[in-house]
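K.L.:
The structure follows.
The values are calculated or read from the model by the stated rules, or taken from the named source; none is laboratory data. Predicted, not measured: the structure shown is a model, and the values here were computed from it. Note: ideal-geometry Cβ built from the backbone for every residue, glycine included; neighbour counts use all protein chains shown. These accessible areas exclude ligands, DNA and RNA; they are computed on the full protein's heavy atoms, side chains included. Shrake-Rupley method; radii C 1.70, N 1.55, O 1.52, S 1.80 Å.
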Amino acid sequence: MVMDIRTFFDRHRTAIVWIFRLIVGGTFIISGLAKMIDVWGSIYKIEQYLNVWGVPQPRSIVFFVALMLSGVEFILGCMLATGSYKRVSVWAMTALMAFMLPLTLYIAIDDPVPDCGCFGDFLVISNTATFLKNVLLVAMLVYLLFNNNKVSGLFSTYTQWLEGFLCVIYVAVVGFFGYSVQPLVDFRPYKVGTSLVADEESDDTGLDILFVYEKDGNRQSFSADNLPDSTWTFVDREIGSSNLVHEHGDGIVIYDGDDDVTSEVILGDGEQILLLIPEMNNIDISSTYLINEIERYIVSRGGEMIGVLGTNDDGLEQWRDLSMATYPLYTADDTSIKELARGNVAMVYLKDGIIQWKRTLVSIDSDLFASPDDNTLDNLRYSGTTYFWLFTLIFIGLELILWGIDRSGHAVKLHFARRNRKK
């Protein structure tokens, strides 16, 4: 039986190697690209881990780790999937998985975070599924350790460095845009075109009423549609707010003190800019000049700006004093602010409560508001998805051209080799 299996693998080595290359390499490509598209999401996930473990680090270090991890995953995935750097790619992946496998086992057992963030917000899977996925990847990598170098790849040793260079440029462009502006592909609930205004015909207020029951000293919260059996004892009722966009269109919950004022401050008619600051400790005070210029411009058009901060009332007063803000300030859960738009300071432009564009403040040229015109806000509109597919098609096109040149070189070399043999 063992000999039959060994014979099967030896006989079909080429096919098996390519299948394993594509599965493992494709997984790394998707994982790395998803995290690089949304670099901010990777930063937040790493910080979540570090906070759970009690070892918080400066944002600059976390940013570097998030960038390197995403980029390395994508580049190694491309190398393996195309059969380039056959030894280095497999050994590097195996070394990475030697760290990730026990880590995901710990996460699956201890469950310190809701999900590992392996594929960012593109694909959320359970911690147990993540561990089992890694077990499968490690098994395939072990096979490739002994067989990958025995099967040729798409590129020769003379051109595979160019393929790696194209991968670096592509993933760097995607990551730069995702960090400096917004993710090219929005995997979160608040996409451009989403309404933040609650449906007035709906009874949905954006609040979730949860019922707390107790059994054998264990307390759990249940929704009205999922109440436990009679063996549980009712204890209390609590009201929580959903941070995601509901099916009726209402979204982020904004507070004035303890009062939910979302339906009052999100305008269903006219223009509005939401200034979003999820964390006060990462703010550059010099940015307040541009913020105030934008506020004056939107007011001159008959619209308004409101500030939504992930802080308490003391933080609001601190920001009001530092920025000399004349616009209204409110609070919201910092997680829901980060879901709405990425960045230390971000802006969301609404028309009739519908998201027109989202940007980090640093991506907005201050010269635009030195002498603005009627089209200034519309000129800041862009399609991240269009850019993503443009960059991706250019990348794939260049890879195909490189492969064609490489194959042509092989053909020419083979032609002259045959002529020499005939002589």
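K.L.:
Would you kindly derive the ³J(HN,Hα) couplings of region 128-137 from the backbone phi angles with the Karplus curve 6.51 cos²θ - 1.76 cosθ + 1.60 (θ = phi - 60°), listing them in order in whole Hz, with x for Gly and Pro?
P.N.:
Result, ordered by residue: 5, 4, 4, 5, 5, 4, 5, 4, 5, 5 Hz.
K.L.:
Does region 35-96 come out rounded, prolate or oblate by the C-alpha gyration tensor, with a ≥ b ≥ c the root eigenvalues, rounded set by a/c under 1.5 and, if not, prolate when a/b is larger than b/c and oblate if not? The partial results should precede the final answer.
P.N.:
On the way: a/c = 3.35, a/b = 2.21, b/c = 1.51.
Prolate is the answer for region 35-96, as a/c is 1.5 or above and a/b outweighs b/c.
K.L.:
Let me ask you something else. Obtain the nm distance between the two label points defined at residue 18 and residue 55 by a simple spin-label model: each point lies 7 Å from its Cα along the Cα-to-C-beta direction.
P.N.:
Once both label points are built, they end up 4.3 nm from each other.
K.L.:
Of 45/191; 35/86; 35/338; 133/358; 45/150, which sit over 27 Å apart, Cα to Cα? Each step should come with its number before you reach the end.
P.N.:
Working: 45/191 20 Å; 35/86 25 Å; 35/338 15 Å; 133/358 35 Å; 45/150 39 Å.
As for pairs spanning more than 27 Å Cα to Cα, those are 133/358; 45/150.
K.L.:
Quick one: 3J(HN,Hα) in Hz for region 162-178, Karplus 6.51/-1.76/1.60 with θ = phi - 60°, rounded, Gly and Pro as x.
P.N.:
Each residue's phi maps through the Karplus curve to give 5, 4, x, 5, 4, 5, 4, 4, 4, 5, 5, 5, 4, x, 4, 5, x Hz.
K.L.:
Quick one: which residues, 5+ away or cross-chain, put their amide H under 5 Å from the amide H of residue 330? H built at 1.01 Å from N.
P.N.:
Distant-sequence amide H within range of residue 330: 307, 308, 309.
K.L.:
On the accessible surface of region 23-132, probed at 1.4 Å, how many percent belong to carbon and sulfur atoms? The partial results should precede the final answer.
P.N.:
Details: 3580 of 4800 Å².
About 75 percent, which is the carbon plus sulfur part of the accessible surface.
K.L.:
Let me spell out the model: positive unit charges on the Cβ of Lys and Arg, negative unit charges on the Cβ of Asp and Glu, origin at the Cα centre of region 1-108. What dipole size does that give, in debye rounded to 20?
P.N.:
Numbers: 9 positive and 5 negative charges, 57 e Å.
Dipole size: approximately 280 debye.
K.L.:
Could you compute how fast region 114-198 diffuses translationally, taking Rh as the Kirkwood radius over C-alpha pairs and applying Stokes-Einstein at 10 °C with viscosity 1.306 mPa s? Give it in µm² per second. List each step's numbers first, then the result.
P.N.:
Details: Rh = 17.0 Å.
Approximately 93 µm²/s, per Stokes-Einstein.
K.L.:
If I take every Cα pair under 8 Å that is 6 or more residues apart in region 5-150, average their sequence separation and divide by the length, what percent do I get for the relative contact order? Kindly include the intermediate steps, with their values, before the conclusion.
P.N.:
On the way: 157 pairs, mean separation 46.5, N = 146.
Relative contact order here is 32 percent.
K.L.:
Considering Cα pairs under 8 angstrom that are at least six residues apart, work out the relative contact order of region 319-408 and quote it in whole percent.
P.N.:
Values: 40 pairs, mean separation 12.9, N = 90.
That works out to 14 percent.
K.L.:
Is the shape of region 48-140 rounded, prolate or oblate, going by the alpha carbon gyration tensor and its root eigenvalues a ≥ b ≥ c, with a/c under 1.5 for rounded and a/b larger than b/c for prolate? Before the final figure, lay out each step's value.
P.N.:
On the way: a/c = 2.02, a/b = 1.34, b/c = 1.51.
Oblate is the answer for region 48-140, as a/c is 1.5 or above yet b/c matches or exceeds a/b.
K.L.:
Ok, one more. Which value, in debye to the nearest 20, gives the size of the charge dipole of region 38-181 about its Cα centre, when Lys and Arg are +1 and Asp and Glu are -1 at the Cβ?
P.N.:
On the way: 6 positive and 8 negative charges, 101 e Å.
In total the dipole reaches around 480 debye.
K.L.:
Between residue 132 and residue 317, take the C-beta separation as r, use R0 = 35 Å, and let me know the FRET efficiency to the nearest 0.05. Intermediate results must be reported in sequence, preceding the final value.
P.N.:
Working: r = 50 Å, r/R0 = 1.42.
Given R0 = 35 Å and the Cβ-Cβ separation, E is 0.10.
K.L.:
With θ set to phi - 60° and the Karplus curve 6.51 cos²θ - 1.76 cosθ + 1.60, what are the ³J(HN,Hα) couplings of region 271-287 in order, to the nearest whole Hz, using x for Gly and Pro?
P.N.:
Result, rounded to whole Hz: 9, 7, 10, 9, 8, 10, 10, x, 9, 7, 7, 10, 9, 9, 4, 5, 6.
K.L.:
If you average 1/r over every pair of different alpha-carbon atoms in region 264-423 and take one over that average, what Kirkwood value in Å do you get?
P.N.:
Details: mean 1/r = 0.0530 Å⁻¹.
For region 264-423, the Kirkwood estimate is 18.9 Å.
K.L.:
Then there is this: Ranked from the most accessible area to the least, with a 1.4 Å probe and all protein chains present, what is the order of 70, 383, 60? Kindly include the intermediate steps, with their values, before the conclusion.
P.N.:
Working: 70 0, 383 55, 60 80 Å².
Final ranking, largest accessible area leading: 60, 383, 70.
K.L.:
So if I take the centroid of the Cα atoms in region 8-76 and the same for region 333-351, what is the distance between those two points in Å?
P.N.:
25 Å
K.L.:
Continuing with the same structure: For residue 378, what accessible area in Å² do you get when you roll a 1.4 Å probe over the heavy atoms of the protein chains, rounding to the nearest 10?
P.N.:
Probe radius 1.4 Å; accessible area of residue 378 about 50 Å².
K.L.:
With point charges of +1 on the Cβ of Lys and Arg and -1 on the Cβ of Asp and Glu, referenced to the Cα centre of region 257-316, which listed residue (291, 262, 276) lies farthest in the positive direction of the dipole?
P.N.:
Result: 291.
K.L.:
In region 339-382, what trypsin sites (Lys or Arg not before Pro) fall in a loop by DSSP, with at most 16 other Cβ atoms inside 10 Å?
P.N.:
Filter output for region 339-382: 381.
K.L.:
Collect residues whose amide H, placed 1.01 Å from N in the peptide plane, falls under 5 Å from the amide H of residue 270; neighbours closer than 5 in sequence don't count.
P.N.:
Placed amide hydrogens put 352 under 5 Å from residue 270.
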